[in-house]
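Novice: Take this structure first; my questions come after.
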Ligand SMILES: NC(=O)c1ccc[n+]([C@@H]2O[C@H](COP(=O)([O-])OP(=O)(O)OC[C@H]3O[C@@H](n4cnc5c(N)ncnc54)[C@H](OP(=O)(O)O)[C@@H]3O)[C@@H](O)[C@H]2O)c1
């Protein structure tokens, strides 16, 4: 390791631990040394699905993928918003192919119907980004009776990954990315009440917990698919100016607004992961084109027994096979 890389490593770690790294200053500084952009047209001839692409980070991500030549399957639950965002992407990336995909990913019956439909229409998928997210203030349930954030952040993405695996394998080189949040650092994996049925529902706390679950789930998938052509990663985008932040965290937005990243900046690492497929070490958690810890010292990693219990719970809830390697920790 030379002096420059030691120095950039120290600056990077300070940015991360001080949270300055989450702001646009973080990406602005790291851009000086982070890995190269994907080549122009890196995704020409390839298909990418982006969930939650009718706003914020997802819409910007769809645009970035389209600019790299991908056929973008732009997924949302509201047909009007999907049509509108597809129009935005086509305008921003002239000549691009954008396909409207309608699915409420928290509704497991809708996920089954949509994945069946997509599997009948396309042969292979080079990218799948689980970007859709929500932070409701009150506890709500999906048609199957699951707590909404659990369903939207964990159960739906898991079921989609499972059912689109043949398409991901067929691409002979594909990536799945779970868009988590730095908020997950505040929440250890808890398996005692994953449906958040206790009477003290706190949307922000449940958000952090389900974002932690995404990181654990992505690692389990990465371990399960090790040695195949499908890579699975999770990441956080930093603090990004989006409709979701304005709606769910208005005070946070007011205080941090001058420092918030724009949506394309928030989308950057997901696009880079799919377009370049970098080598990935255990834990598979990224931010600003570099791997990051999933826990800090005092958290002492994930409890393997809790991870195993969690994976058992979500496979049962989604009626999928419980075939994990048990090494995600
Ligand atoms: N912005 C940040 O600072 C930040 C920080 C950390 C992590 N993240 C993560 O980044 C992702 C994108 O965040 P954002 O700030 O861009 O959010 P946003 O502005 O609220 O956009 C969220 C998108 O997800 C869609 N969505 C929500 N529930 C869905 C469902 N059940 N089925 C299908 N689509 C659904 C929304 O569609 P509707 O319009 O129909 O609701 C919308 O298109 C989220 O996973 C979020 O947790 C964001």
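The values are calculated or read from the model by the stated rules, or taken from the named source; none is laboratory data. Just so you know, these numbers come straight off a predicted model, no measurement behind them. Note that each Cβ is placed from the backbone with ideal geometry, even for glycine, and that neighbours are counted across all protein chains shown.
Novice: Confirm whether residue 73 is within 23 Å of residue 317 (Cβ to Cβ) and modelled with pLDDT of 95 or more. Lay out the reasoning, then the answer.
Specialist: Numbers: within 23 Å of residue 317 (Cβ to Cβ): no; modelled with pLDDT of 95 or more: yes.
No, not satisfied.
Novice: Out of the residues in the stretch 76-107 that are in contact with a helix residue (DSSP H, G or I) (Cβ under 6 Å, 6 or more places away or on another chain) and more than 10 Å from the ligand (Cβ to nearest atom), state the one that is nearest to residue 147 (Cα to Cα).
Specialist: Our first condition is that a residue be in contact with a helix residue (DSSP H, G or I) (Cβ under 6 Å, 6 or more places away or on another chain); within the stretch 76-107, this holds for 76, 85, 89, 92-93, 96, 98, 100, 102-106.
Checking which are more than 10 Å from the ligand (Cβ to nearest atom) leaves us with 89, 92-93, 96, 98, 100.
Details: 89: 32, 92: 36, 93: 37, 96: 37, 98: 31, 100: 27 Å.
Result: 100.
Novice: May I ask you to say which residue of 37, 16 is assigned to a loop (DSSP other than H, G, I, E, B), out of contact with any helix residue (DSSP H, G or I) (no Cβ under 6 Å at 6 or more places or on another chain) and touching a residue at least 60 places away in the same chain (Cβ under 8 Å)?
Specialist: Details: 16 fails: assigned to a loop (DSSP other than H, G, I, E, B).
Sole residue among the options that is assigned to a loop (DSSP other than H, G, I, E, B), out of contact with any helix residue (DSSP H, G or I) (no Cβ under 6 Å at 6 or more places or on another chain) and touching a residue at least 60 places away in the same chain (Cβ under 8 Å): 37.
Novice: Still on this structure, please answer the following. Among the residues of the stretch 55-75, which ones are without any contact (Cβ under 8 Å) to a residue 40 or more places away in the chain, closer than 20 Å to residue 113 by Cα and either within 10 Å of the ligand (Cβ to nearest atom) or assigned to a helix (DSSP H, G or I) (or both)? Give the derivation first.
Specialist: Let us first name the residues in the stretch 55-75 that are without any contact (Cβ under 8 Å) to a residue 40 or more places away in the chain, namely 62, 66-67, 69, 71-72, 74.
Right, trim to closer than 20 Å to residue 113 by Cα and you get 72, 74.
Correct list: 74 only.
Novice: Any chance you could count how many residues in the stretch 120-151 are surrounded by 15 or more Cβ atoms within 10 Å (Cβ to Cβ) and either touching a strand residue (DSSP E or B) at 6+ places or on another chain (Cβ under 7 Å) or closer than 24 Å to residue 70 by Cβ (or both)?
Specialist: 14
Novice: Further, regarding this structure: Which is out of contact with any strand residue (DSSP E or B) (no Cβ under 9 Å at 6 or more places or on another chain) and more than 23 Å from residue 316 (Cα to Cα), of 198, 203, 173, 182? Even if it seems obvious, please write down each step before you answer.
Specialist: Numbers: 198 fails: more than 23 Å from residue 316 (Cα to Cα); 173 fails: out of contact with any strand residue (DSSP E or B) (no Cβ under 9 Å at 6 or more places or on another chain); 182 fails: out of contact with any strand residue (DSSP E or B) (no Cβ under 9 Å at 6 or more places or on another chain).
Exactly one residue qualifies, and that residue is 203.
Novice: Hey, another quick one. All but one of (1) under 30 Å from residue 92 (Cβ atoms); (2) in contact with a helix residue (DSSP H, G or I) (Cβ under 7 Å, 6 or more places away or on another chain); (3) not in a helix (DSSP H, G or I) hold for residue 278; state the number of the condition that does not hold.
Specialist: Residue 278 satisfies all of (1) under 30 Å from residue 92 (Cβ atoms); (2) in contact with a helix residue (DSSP H, G or I) (Cβ under 7 Å, 6 or more places away or on another chain); (3) not in a helix (DSSP H, G or I) except (2).
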